[in-house]
Amino acid sequence: MRYILSKEEMKAADRRTSEEMHVPSAVLMERAALKVVERVIERVKNLSDPGILIVCGCGNNGGDGLAAGRILREMGYDPEFLILGSVEKMTTLSREQLLSLEALKCGRIFYGSVPVINHDVIVDAVFGISLSRPVEEEYADTVRLINRRRDEGAYVISIDIPSGIDADTGLILGEAVKADETVCCGYLKTGNVLYPGAEYSGKLTVASIGITDDSLSKTPKISCLDDNEIILPDRKNDSNKGTYGKVLIFAGNKDIAGAAVLSARAALKAGCGMVRVFTHVNNRAVIQTAVPEALVTVYGEELHQTSLFESENSLEERIKNAIDWCSVIAAGPGIGTDEVSQTILKLLLKNAGNRPVILDADAINILSGAPDLLSECDSEVILTPHLGEMSRLTGILIPEIKAHIIDVARDYASGYHVTVVLKDSRTVTALRNGNVVINMNGNNGMATAGSGDVLTGIIASLAAQGVDTEKAAYLGVAIHASSGDRAAEELGTHGVTAGEIIKYIR
């Protein structure tokens, strides 16, 4: 797992490294500058007379930029510098870097504005992670000039986070630099990975500058998976289908079979041993044809609804028998929100026992009108809402959820003691203990019908194979997203469908 830090966590780690681990702040600045220099040289190494502009504020982020410019000059390049703000207000470290440049008799330092921005590479070292108010006046004007030059072909590198992006939320504070690449010092920041900050950050390069896990006074609450951790569970040579668990999927109301098919296929492709689909009788033929590997249990043959609950083979008995068979339950894709569907959800939550339960789609919509149903379930529950479903669950408007996606997911998870997979461009998985895992994979081609049904099947499959329930949630998200990335690589994002995502699960 890779940690993702808030700005306060990053500042604390920086202080602890300097004050308690006795690594001078100037050393940390120099190492950050060296990584920036490396990325600049990568862009200009094939240019005969590259134009480099380093735009600096008066804080330590500006000092990083000044140090990078000094090193570039020592290596034979001729960068120009634009310093914004009052020199008298510069931090001690930044002031020392400026004095060093002056000692080198670098005459290409501009204050407040630069005659023209026509450079090949622009380094954004204005604010860093400390910004807490909107970018205005000459700062906003400079940001607009940087972005205009980028549109004309310049390559923009930001240090730590693009200037104008809130380091905790990823929100734009007035105006923001749109970088092609961001060199993150020590760790990723939440503003680098949450949208719109993720888009403005561009490619993310994490620079090892001397701030390590030893610099952290406590374990950060937010993290993401490394790519090498996004793998399906191991399989044993000495095994059978029972070894890999049985997934029961409640999906598909009358003549709505597609979601059930996708969830079942995804569960099987992700490696579980057996799948049973509990669905309306009208879907039997479709599911048996589309997923011949799956068992099918149906309801709805009776002419009168009362017979569902009064017949010898009642709905409740069928649900109990199906649950007795399985090791994991998933419910929601295409089930609708009618009275029978509500009864099914209530019965499965009541009878789940200690089996993990994954609730998606219409199951969540039913819960939004009856949240107390969760109290009837003794097992570990995973909810997988998209923003609209989360809005119905919480009563919070979608823009507010999107702006505070971590807090909203975390509050619901802790309030109802469930795991919440809040689906968005950056899906956030909030665990019951307050920890959060942010998914870093996926692409816009996955914004397609049925994609969530596939995710439900994958998570259920992982849980059936013995993966810890909470890990099954965030690992399932990552496997789903990585499968979508492989599909997009082969087909282009326009060609990604839910069915194609399943093909690339591995």
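Laboratory data are not the source of any read-out in this text; all were calculated from the coordinates shown. These figures come from a predicted structure and were not determined experimentally. Glycine gets a Cβ as well: all are built from the backbone with ideal geometry, and neighbour counts include every protein chain shown.
Each peptide among 59-67, 188-196 gets the average number of other Cβ atoms lying within 10 Å of its residues, and from highest to lowest they stand as 59-67, 188-196.
The peptide list 365-375, 403-413, 69-79, put in order of mean Cβ contacts within 10 Å with the highest first, becomes 403-413, 69-79, 365-375.
Once the Cα atoms are used to define both axes, helix 7-19 deviates from the longest principal axis of the chain by about 50 degrees. Each Lys and Arg contributes +1 and each Asp and Glu -1, all at the Cβ; summed about the Cα centre of the stretch 2-219, the dipole is approximately 200 debye. Across the chain, the convex hull enclosing all Cα atoms gives 162 Å³ per residue.
With contacts defined as alpha carbon pairs under 8 Å and 6 or more residues apart, what's the relative contact order of the stretch 2-219 in percent?
Numbers: 451 pairs, mean separation 49.7, N = 218.
Relative contact order here is 23 percent.
Can you compute the FRET efficiency between D378 and N228 using 1/(1 + (r/R0)^6), with r the Cβ-Cβ distance and R0 = 30 Å? Round to the nearest 0.05. According to the calculation, E is roughly 0.25. Could you give the angle, 0 to 90 degrees to the nearest 10, between helix 137-151's Cα long axis and the longest principal axis of the Cα atoms of the chain? Once rounded, the angle reads 70 degrees. Evaluating 6.51 cos²θ - 1.76 cosθ + 1.60 at θ = phi - 60° for every residue in the stretch 412-421, the Karplus couplings come out as 5, 4, 6, x, 10, 6, 10, 9, 10, 9 Hz, glycine and proline recorded as x. Across the chain, C-alpha contacts under 8 Å between residues 6 or more apart give a mean separation that, scaled by the residue count, equals a relative contact order of 12 percent.
Please give me the summed charge of the neighbours of D168: other residues whose Cβ is under 15 Å from its Cβ, Lys and Arg +1, Asp and Glu -1. That works out to +3. The relative contact order of the stretch 242-503 comes to 20 percent, based on Cα pairs under 8 Å that sit 6 or more residues apart. Taken as Cα centroids, the stretch 17-42 and the stretch 227-253 sit 45 Å apart, rounded to the nearest whole angstrom. Think of it as helices only: each DSSP H run of n ≥ 4 in the chain is worth -39500 (n - 2.57), and spread over all residues that comes to -12500 deg cm²/dmol at 222 nm.
Relative to the dominant Cα principal axis of the chain, helix 451-464 is inclined by about 80°.
Placing unit charges on the Cβ atoms only, positive for Lys and Arg and negative for Asp and Glu, gives the chain a dipole magnitude near 680 debye about its Cα centre.
Annotation: extensible slack from D141 through E19 equals 40.2 nm (criterion: 0.36 nm per residue apart, minus Cα-Cα distance).
Ordering of 12-21, 467-476 by packing is 467-476, 12-21, highest average first (other Cβ atoms within 10 Å, averaged per residue).
Mind putting a number on the dipole of the stretch 242-503 about its Cα centre? Charges go on the C-beta only, +1 for Lys and Arg and -1 for Asp and Glu, and I need it in Debye to the nearest 20.
Details: 20 positive and 29 negative charges, 118 e Å.
Charge dipole, the stretch 242-503, about its Cα centre: 560 debye, nearest 20.
With a cut-off of 11 Å between beta carbons, the residues surrounding I505 carry a summed charge of +4, where Lys and Arg count +1 and Asp and Glu -1.
Comparing G492, G434, T92 along the charge dipole axis of the chain, the residue lying farthest to the positive side is G492, per the Cβ-charge model. Annotation: the residues H386, H22, sorted from fewest to most other C-beta atoms within 10 Å of their own C-beta, follow the order H22, H386. Each other residue within a Cβ distance under 15 Å of D214 adds +1 if Lys or Arg and -1 if Asp or Glu, for a net charge of -2.
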